[in-house]
Amino acid sequence: MAWEYSEKTKQLFMDAVHGKPGTHLGEIETPDGMGEHGSIACGDSMRFTFRVERHPTDATKDVIVAARYLTFGCTSAIAASEALCTLIEQGRYTPIDALKIQNTDIVEFLEGLPSQKIHCSVMGAEALEAAVFNWAQKRGVDLARLGIDMHADEKDEGRIVCQCFSITEPYLRRKIRELNLRTIPEITDAIKAGGACMSCHQVPGGLQDLLDEIWGRSPTKVLGLTQITMPDPDAAGPGKPALSPYQFSKKVEQTLDNYVRPMLRQDGGDLEIIDIKDSLVYCRLTGSCQGCAGAAHTLRMLVEQKLKEMVDEKVRVIQV
Amino acid sequence: MSLIYADNNATTAVAPEVLEAMTPFFQTEYFNPSSMYEPARRTAQAITRARAQVAAHFRLADPKQILFTSCATESNNAAIVGTARANVSRRHIITTAVEHPAVLEVCKEMQRDGRDVTFLGVDGDGNLSIEEFVRAIRPDTGLVSIIHANNETGVLFPIPQLARITKETDPSIVFHTDATQSVGKIPLDLENEYRDVDLLSFSGHKLHAPKGIGVLYVKRGTACRPLLIGGHQEEGRRAGTENTAYIVGLAKAMELAAAHYEDETTRIRELRDRLESVLLERIPEIRVNGRAAPRLPNTSNVSCHYVEGEALLYQLNELGICASSGSACTSGSLEPSHVLRAMHVPFTAAHGSVRFSFSRYNTRAEVDRVIDVFPQIVANLRRLSPYWDQTRDRPRES
């Protein structure tokens, strides 16, 4: 998939990585607001800090005068971080007014983003929100009293719907409404949920159920991907040699201990049984026998002959 | 600025000799090889010659074991689906967690159809456990499909040993290997060292033939139903009018590959090793994925902790250097490479992986250019990374 970035996105990214004057990378020491979003496991994360010009009497009238970011992420995540900081500094917003900056404003500033990269702009908006919340705490501003719901807890509390990206139900519900997400691909593009193992798409309480409930659609059952399970490799059914599998293994071990191992040990070697299936005995020569050119011959002549003689005529030895 | 192409595991440039060999078959020798007239017989003969050349490359005495397909993906699909159809009572398939999607996804599809599939894991170096493989074999195992050289890391699996154990256990288990990345890079002898392999897939465009031609080797006597039906071509085992020009091109490309095996194992390996040792020396917190395992000589998969691979690639791209990444942002999914995750590469490094893969057209000067620019590219992103301590040039504590 080749890059489909706008010239603006490419320019902002290259300016940032080359640390051009006027770019916003870095971190404000003792910031007035600090917010983070994302994680290294998810593939992108952002630390956003800002400084305000404090209003002498009314903290709600503080004005953001500087914004900085540190971002781990792809080209568009870094460009979106630049965009956010530029928008905020240009607007001379109060922190509360800055909340009006939506991910769509970032996309517009970047002159568009490929749909699968929309989550980069959402990350910027989320980090900003977290930073404003942090500012409010520091400045003693009661956001709830101003009628602003910061949903501070929803990322830590509530049922996790998407395990891969640790995304909770309350967060999903809010984002589906806020960003007007109508389909599972739209959810994945915006907030990554459902973008990895995909097992949360069609399960009860999964993404499709949430979409159906929120947008009031009759649940249309799409043929979903079934969860792939890795079967237990040991679930093999044994065949039926004359001896029970247990007796057979026991007898093989005894024969090897009594007749074969003493001979190998004389030469500083030994033998390890890897597996026994029906009358097939998988072994590996170890110690000084390991890597010996005569190993295959030794196994066949010495080990296989002895086992045929002592245990069962059908025994075959396979060198591992 | 001239382009530096270091993504030869993705695809390769068509060799001039290959293009030249193909050209007559577009406008002069364009006949359908199944037609009756004399010119068509010449076209059919060209295919016969090409088939013999491809067979000879693998030291095969009987060229009829070579089937031409459209690509390695088709070959892999034909091998897995065809084997399953030929032996319905054998419900178990063994494969690995690090296959190319053209095998992995087909095996998952088989699972949805009700078959059992064992996906063998790998260790941190990318190696399979032979013990685990042995334990996975069951009385109802019908197919083992294991990649030869990994496309992302170049790690080689011990196919001769795995195939031998399989056939010694039960000759009716079919052993398939996806050799797309190894054919043309290392010699394979299907009559001797690799004689226990029943089915082998690869495509031309990884070895300087064009895209659109693949091969499925089917050892005589292997039970495998055709995927494409509706024609007598390839003895009814793969219907569809033969792609003469591309078949001839592939044969030429394999002839050239055989002549370059020594270059591949000496000069290209040296270029790759030099790249790795200098990067390891100049960049802190970098790892080479699969370095301790047997590997293809041309592939290097490096992970830079705390930076994101797509942003690395973009800067390389700006400098005219083509490489690829296992990062989530380049995968189409939002997960980093399934191969690196199976190797338990930590998330801090899996997102920051870059694969360089070389061919005989790469020069020392090109590798030197990569060595010159890459450390700065990584440093640029670390300067932006919330996980990197700028002043001490190491990961942040906490």
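Please treat every number below as a calculation from the coordinates, not as lab data. This structure is a prediction, so every number in the text was calculated from the model and none was measured. Reconstructed Cβ throughout: ideal geometry from the backbone, glycine too, with neighbour counts over all protein chains shown.
A few comments on the model shown:
- Rounded to the nearest 10 degrees, the inclination of helix B:364-384 to the longest alpha-carbon principal axis of chain B is 50 degrees.
- Just so you know, the averaged projected area of the alpha carbon convex hull for the range B:238-341 sits at 10.3 nm².
- Cα gyration tensor shape for the range B:220-262, rounded if a/c is under 1.5, else prolate or oblate: oblate
- GNM result for chain B, Cα springs below 10 Å: residue of B:ARG42, B:ARG382, B:ARG267 fluctuating most strongly: B:ARG42
- Relative contact order of the range B:16-256, defined on C-alpha pairs under 8 angstrom at six or more residues apart (%): 27 percent
- Span from the the range A:275-320 Cα centroid across to the the range B:301-370 one, whole angstrom: 45 Å
- For the range B:351-356, 3J(HN,Hα) per residue [Karplus equation, 6.51 cos²θ - 1.76 cosθ + 1.60, θ = phi - 60°, Hz, x = Gly/Pro]: 6, x, 8, 9, 10, 9
- Here the simple spin-label model places points 7 Å from the Cα toward Cβ, and for B:LEU228 and B:ASP140 these points are separated by 3.3 nm.
- Computed from the Cβ-Cβ distance with R0 of 60 Å, the FRET efficiency linking B:THR265 to A:GLU169 stands at 0.60.
- Helix A:169-178 and the longest principal axis of the Cα set of chain A meet at an angle near 50°.
- Note on B:MET36 and B:THR391: their simple-model spin labels are 9.0 nm apart, each label 7 Å out from Cα toward Cβ.
- Sum of -39500 (n - 2.57) over DSSP H runs of 4+, divided by residues of chain B (222 nm, nearest 500): -11500 deg cm²/dmol
- Modelled FRET efficiency - R0 45 Å, A:ILE273 with B:SER89, Cβ distances, 0.05 increments: 0.95
- Oblate is the label for the range B:1-80. Its Cα gyration tensor axes, ordered a ≥ b ≥ c, give a/c of at least 1.5 and b/c at or above a/b.
- Here each label is just a point 7 Å from Cα along the line to Cβ, and for B:SER172 and A:ARG182 those points are 5.5 nm apart.
- Dividing the mean sequence gap of close Cα pairs (under 8 Å, 6+ apart) by how many residues chain A holds gives a relative contact order of 11 percent.
- The Rg/Rh ratio of the protein assembly as shown, with Rg taken over Cα atoms and Rh as the Kirkwood radius over Cα pairs, comes to 1.03.
- Each of B:HIS351, B:HIS205, A:HIS151, B:HIS338 was scored by other Cβ atoms within 10 Å of its Cβ. Listed from fewest to most, they are A:HIS151, B:HIS338, B:HIS205, B:HIS351.
- Under 5 Å between amide hydrogens, built in the peptide plane, is the criterion, and for B:THR69 it picks out B:GLY214, B:VAL215, B:LEU216 among residues at least 5 positions away or on other chains.
- Amide H contacts of B:SER359 (H built 1.01 Å from N, under 5 Å, at least 5 apart or other chain): none
- Among A:LEU113, A:LEU210, A:LEU243, the largest mean-square fluctuation in a Gaussian network model of chain A, built with springs joining Cα atoms closer than 10 Å, belongs to A:LEU243.
- Near B:CYS107, once Lys and Arg are set to +1 and Asp and Glu to -1 for all other residues with Cβ below 9 Å from its Cβ, the sum equals -1.
- For the residues of A:37-48, the average number of beta carbons from a partner chain within 10 Å of their own beta carbon is 5.
- Here the Gaussian network model covers chain A, with springs between Cα atoms less than 10 Å apart; of A:ASP257, A:ASP142, A:ASP97, A:ASP257 fluctuates the most.
- Check: chain B dipole with +1 on Lys, Arg Cβ and -1 on Asp, Glu Cβ, in debye: 480 debye
- Helix-only [θ]222 nm of chain A, DSSP H runs n ≥ 4, -39500 (n - 2.57) each, per residue, nearest 500: -10500 deg cm²/dmol
- Proxy reagent accessibility, fewest Cβ within 10 Å first, across B:ASP273, A:ASP149: A:ASP149, B:ASP273
- Prolate/oblate/rounded label for the range B:113-201 (Cα gyration tensor, a/c 1.5): oblate
- Long-range Cα-Cα pairs in chain B (distance over 29 Å), rounded percent: 46 percent
- Each eigenvalue of the Cα gyration tensor of the range B:298-398, multiplied by 5 and square-rooted, gives one semi-axis; in descending order these are 22, 18, 11 Å.
- Long-range HN-HN contacts of B:LEU120 with modeled amide H, under 5 Å: B:THR95, B:THR96, B:ALA97
- Cα-based helix-to-principal-axis angle, B:244-263 vs chain B, degrees rounded to 10: 50 degrees
- Environment charge at A:LYS8 (Cβ cut-off 12 Å; Lys +1, Arg +1, Asp -1, Glu -1): -4
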